[in-house]
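Have a look at the structure below before the remarks.
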Amino acid sequence: MLENINRLNPDIVVITGDLTENGFSAEYDGVKKFIDRIECKDRVLVPGNHDSKNAGYLHFEDLFENRFPTRNMGNVTVVGADSSQPDLDEGHLGRENYGWIKEAFSGENFKVFALHHHLVPIPLAGRENTVLVDAGDVLDLLNRCKVNLVLCGHCHIPHVWNLNNMLVVNAGTFCSSKTRGKTTQCFNLIQAENGENKNWNVRVSRVFPQGNLELVTETVM
C-alpha cells in the first residue's frame, strides 16, 4: 500500500486517525517510522479515538506537532481538527473551535476539512453512535463556509455522500485487519482540478492493495 501511494506521487496525504490501538508510546514510535516512508512532504494528520487513549494525544503532539493543522497549498486549503476525547469513543468538536475554522476557510480556495469521526451515518456501521456529537452544528458551519470536501475515518468503512454539493468521504482502513462485511483494505485517491468558470472537477477513487483503482464518484462543484 505504501508503494501504491508513493507511485501516485500525491500533492498531499491526509490521514484521519486511528494510527494506534491504545495510544502507547511504543505504538507511536512504530507509526512514525511507517509514515516517514510515505514520500510526500505535505501531510495532514488528525488523531482518532484510539490515538487519544491513555493520554496518547500527548505522544501525537510530540511526533506530529499539531492536532489542529492547517495547510494552504496554492488554491487549496486543508484544515484538520481533533474530534477525539480521551478514553471515549464518542467524537466532539466543540463550539470553541468553530470560530477559527470559519476564519481558516474565509478565502475562495478549494476547501478540505479533515476529522476522525463521522459527520453523517454510513452503511454497515451498526448503531449510529459513531457520529460526531455536534455533527449538525459542524455540518451547518462547513456548509456556510462552502467547504468542498470533508474527510472522515473511524469505522473503517469506505463511503461517499454528496450533501449540498459537499462531498463527505469516509476512509476505509489502510493496513488494519479490522475490515467490516465484504470491505477490504483500501485508501481514497481524490483528484481535484480547477476547470472552466472557476468550477472544480472532483474524482474520488479507491485504491486497493494490488494497486487497482475503482472510481466511486465524479462531480463538478
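The values are calculated or read from the model by the stated rules, or taken from the named source; none is laboratory data. From a predicted model like this one, the values you see are computed outputs, not experimental measurements. In case anyone asks, the SASA skips ligands and DNA or RNA and just uses the protein heavy atoms, side chains included. Shrake-Rupley method; radii C 1.70, N 1.55, O 1.52, S 1.80 Å.
Structural remarks
- Geometric descriptor of the chain, per residue, is 120 Å³ (volume of the convex hull of the Cα atoms).
- Phi-based couplings in Hz for segment 79-87 (Karplus 6.51, -1.76, 1.60; Gly and Pro marked x): 10, x, 9, 7, 9, 7, 10, x, 6
- For the chain, the relative contact order works out to 14 percent when only alpha carbon pairs closer than 8 Å and six or more residues apart are counted.
- For segment 111-194, the gyration tensor built on C-alpha atoms gives an oblate shape. Its axis ratio a/c (a ≥ b ≥ c) is at least 1.5, and a/b is not larger than b/c.
- Pairwise Lys count, the chain - Cα closer than 17 Å, eight or more residues apart or different chains: 7
- Over the chain, accessible surface divided per residue gives 51 Å², non-protein components excluded, 1.4 Å probe.
- Sequence of ARG144, ARG203, ARG43, ARG95 when ordered by accessible area, the most exposed leading, probe 1.4 angstrom: ARG95, ARG144, ARG203, ARG43
- Tensor-based shape of segment 1-128 (alpha-carbon gyration tensor, a/c under 1.5 rounded, otherwise prolate or oblate): rounded
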